[in-house]
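Here's the structure, in C-alpha cells; my notes come after.
Nothing in this text is a laboratory measurement; each read-out follows from the coordinates by a stated rule. What you see is a predicted model, and the numbers here were worked out from it, not measured in a lab. Neighbour counts run over all protein chains shown; Cβ positions are idealised from the backbone, glycine included.
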C-alpha cells in the first residue's frame, strides 16, 4: 500500500495585478484585477514505504507548494491527496505526528537553548517514550557524534552542525515520512558527506520514507533511486535514475580546446559550422563551461562522434580534446528544455 498517494492534484493562487507607485497602490485597495497562477497543475504519483525520492525542479516549478499540501499546510484547489492514509489538511494534528520536516533550513531548534534541551522539548511535544528517545539519541551519536554538540547553544553552531542537529530532530520521534528541503545547501564537502550518510542509514535502519527537494544533483545521485522532475506545475518525469541515463545513453560531450578562444564568439562560430553540416537538432548542443573549451554534446545514435570531431578540426585549430559521459545535471537540464515532451 502506498504511503503517499496523489491523483490529479492542483493548486491555484489568485494574485492581484498590482500597479506602480503610490497612486497605483491606493487604487489596488479597490481593484478586482486578479490573475490565476497554476502552482501545481494536475499531477499524480504514488510513493511506497521506505523510498527515498528526489522531487526536483527549477525555482517556481511547484515543489514547495506540493510539499506544503502533503504536510497539510495548504489545501489543494482540486484533486486527491493521502498521506499515511489521511487527508493532510483535514487531519493536521494526526498527520504531523507521523512526519518530520525541514523547510529551507528554518531551524526547529530553540535558538538560545543548548541542543540537548531542544531535543528534550521535542521529546515532550511528540510524546516520545523514554526507550525510543534513548534509542534514537544513541543512534544519532553513533552516526554523527552528535553528543559533542549537546551542551552548545544552537546560536553558536556552524551551519553544518545545525543542519545535523535539525535532521536528527526531524527523525527524533521516528516518523514514517520525512520531508527534506535543501538539507545540504551552502555546506562544505565533509559535512555534506556526513549528512548524506546519516540520511541513508536512518532510511535503512528505520525504513523511513524520505522526500528530498534539492538543487544539488550530488544529493540526488548519492541518496535517491527514483526522481520526480516537475516544471511549471506539471510532472515531466517520474522514474528510476538509471532509466534517465538509459534514455540519454547515446549522448557524449566532446570537449574541444579551441585557439584562439574568443568567448561567446567562438562558441557561436562552432555552433554555426556544425549546424551547417547537421542542421539544428536536439541531438546537438554547443556550450562553453570554462575558458578556452567548447563543449559539444551529441547523440552518437544520430551522428557519429568521430565525424563531428573531424568537422570541428577541419574548421578550427584544436589543441586538445576530451570525451566525457553526460552528467545527470546535463540530463535534467535537457528534460527542463523539453527533451521528453
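Each residue in 110, 293 was given a count of other beta-carbon atoms within 10 angstrom of its own, and listing them fewest first yields 110, 293. The alpha carbon gyration tensor of the chain gives principal lengths a ≥ b ≥ c with a/c of 1.5 or higher and a/b greater than b/c, which makes the shape prolate. For the stretch 109-228, the C-alpha radius of gyration divided by 2.2 N^0.38 Å, with N the number of residues, is 1.03. Full extension of the segment from residue 127 to residue 158, taken as 0.36 nm per residue of separation minus the current Cα-Cα distance, would add 8.3 nm. Here the chain carries DSSP beta bridges of which approximately 75% are antiparallel, counting only pairs with both residues inside. Measuring between their Cα centroids, the stretch 128-197 and the stretch 21-36 lie 46 Å from each other. Taking other Cβ atoms within 10 Å as a rough exposure proxy, 69, 36 sort from fewest to most as 36, 69. Rounded to the nearest 0.05, what FRET efficiency is calculated for residue 197 and residue 94 with R0 set to 30 Å and r the Cβ-Cβ distance? Between residue 197 and residue 94 the formula returns 0.40. The calculated FRET efficiency for the pair residue 110 and residue 75, based on their C-beta separation and a Förster distance of 30 Å, comes to about 0.50.
As a proxy for reagent exposure, ranking 134, 264 by other Cβ atoms within 10 Å from fewest up yields 264, 134.
Between the Cα long axis of helix 115-125 and the first principal axis of the chain there is an angle of about 70°, rounded to the nearest 10.
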